[in-house]
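So the structure is just underneath, and the comments pick up after that.
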Amino acid sequence: MGTITTLVDQLAPQFSIFMGFVEYVVFQAMYSNYVGPEFLLYFATLSALIIIIASSAFVAVKTTAAAVNFSLGFYFQYAGASREGDLMYAWELIFVSAWLLWSLAVTVGGYYEAAQIIDTLGARELGVHTDGTMGTAVTPVMAMKAFTLIMVMAFGTWISAYVLGQTADELIGWFDQYADNTKNEGRDKEDGDYDEDGTSIYYDLLYHSITAGYAYVVLSAMMIGGGWFFNNFSPFVVTLDAQCTNDLGDVNASTYSSIKNLIPTLRDKSYADCQSSIANAFNTIDLNKDGVVSQCEDAKFLVGIGNTEAYAMTYPGSYSLADVKSMCDWIVPDGFDQKTTTQVNFLSDLVNMWPLSLFTKDLNIPGITTS
């Protein structure tokens with residue numbers, strides 16, 4: 001199988017190009033309002049699950065390769081010297097089981113965490129539509145926070161698995177290498193007497209077990225820490241300050257009555273009228289007139305149009321004027337046909353990226369503008 005390093009060296013160019021295109025498409029689609037921020041979470045969950053499963057498989061394969069030897073570690077090689085030496089198979093089996101249990105736990109844990117993320121995301125998507133109206137299931141900030149935490153969990157597992165698998169030859173393979181040395185004992189340098197049978201393996205096994213066990217705990221802590229970090233800083237929990245929460249009870253519904261009446265009519269407006277109307281609605285919701293609707297301001301709006309305070313505190317969003325005006329692209333039936341488009345020359349953008357720009361800036365390529 002080789003190592004993760006050799007696999008990355010072999011696949012890095014193709015993998016990096018592929019991932020670059022995927023990330024470009026995902027982020028471009030999200031910020032162009034073709035898909036919601038939820039799509040980034042699905043992408044992150046899938047990526048993390050692949051990383052975790054690959055990490056688990058790597059440890060399992062390296063452990064099996066280190067434990068199975070066709071010339072060393074057979075019973076006839078170590079039996080007959082001492083009671084401790086005759087149990088060599090048991091000592092090896094304990095450590096192999098621990099390494100494979102790690103792989104099993106990571107696999108189960110990875111699927112469990114992925115299922116929890118998807119279930120939580122699904123519950124928010126369902127709740128935002130069934131428990132009220134005009135709420136936000138996942139904000140872009142929430143999606144980016146979740147993406148970061150998911151990657152911390154995934155790469156914590158990857159790093160732990162890489163080191164655990166790479167050291168399996170030494171920590172697990174040690175037992176096979178020691179199999180033909182169980183009959184050797186230390187010798188006193190003064191009187192030449194040999195130690196009692198089993199003395200060498202007792203100390204050697206003790207020291208090796210401490211080393212292997214300590215490495216196992218440290219590397220497992222890296223993996224567990226990533227999961228702990230994600231679960232203790234959940235991106236799906238919305239926290240409004242105490243002042244904002246108290247103000248929700250004093251929201252005047254008449255402030256937002258014009259918006260509540262406007263919403264059902266947006267679909268029948270022209271693209272230009274939709275943008276004009278929705279801009280006016282934005283200015284009403286933006287209470288402090290800073291050009292951005294905060295989660296607190298959106299929560300007040302949600303209460304003002306008839307939602308419960310619990311709904312408003314669970315599904316508030318945060319958005320700018322450009323964000324809400326882009327909603328007309330899909331509210332108006334032919335909105336996409338009327339929106340202003342910008343021509344993008346992807347190949348030109350690519351060749352102007354560093355380090356390609358170092359070689360293409362002085363070239364005259366037809367159809368491509370170089371800087």
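Cα centroids of the range 297-334 and the range 105-176: 29 Å apart. Sites listed here are trypsin sites (Lys or Arg not before Pro) in the range 179-218 whose DSSP assignment is loop and whose Cβ has at most 14 other Cβ atoms within 10 Å: Lys189. Hand me the trypsin sites (Lys or Arg not before Pro) from the range 243-337 located in a DSSP loop with no more than 13 other Cβ atoms within 10 Å, in residue order please. Answer by residue number: Lys289. Ordered by the number of other Cβ atoms lying within 10 Å of each residue's own Cβ, fewest first, Met313, Met144, Met153 fall into the sequence Met144, Met313, Met153.
In straight-distance terms, cross-link reach from Lys145 covers every one of the aspartates and glutamates whose alpha-carbon lies under 13 Å from its own, apart from those fewer than eight places away in the same chain; here that gives Glu38.
DSSP loop (so not H, G, I, E, B), at most 15 other Cβ within 10 Å: list which GluC sites (Glu not before Pro) in the range 173-256 pass both filters.
Within the range 173-256, the qualifying GluC sites (Glu not before Pro) (loop, at most 15 other Cβ atoms within 10 Å) are Glu190, Glu196.
By the rule of a C-alpha distance below 12 Å, with chain neighbours fewer than 8 residues away ignored, the aspartates and glutamates paired with Lys289 are Glu297.
For the residues Val138, Val324, what sequence is obtained by ranking on other C-beta atoms within 10 Å, fewest first?
Val324, Val138
Centre-to-centre separation between the Cα atoms of the range 214-271 and those of the range 185-203: 68 Å. Expressed in units of 2.2 N^0.38 Å, where N is the residue count, the Cα radius of gyration of the range 159-313 is 2.32.
The order of His129, His208, going from fewest to most other C-beta atoms within 10 Å of their C-beta, is His129, His208.
Where a number appears in this text, it was derived from the coordinates with a stated rule and is not lab data. Everything numeric in this text was worked out from a predicted model, so none of it was measured. Counting neighbours? That spans all protein chains shown, and the Cβs are built from the backbone with ideal geometry, glycine included.
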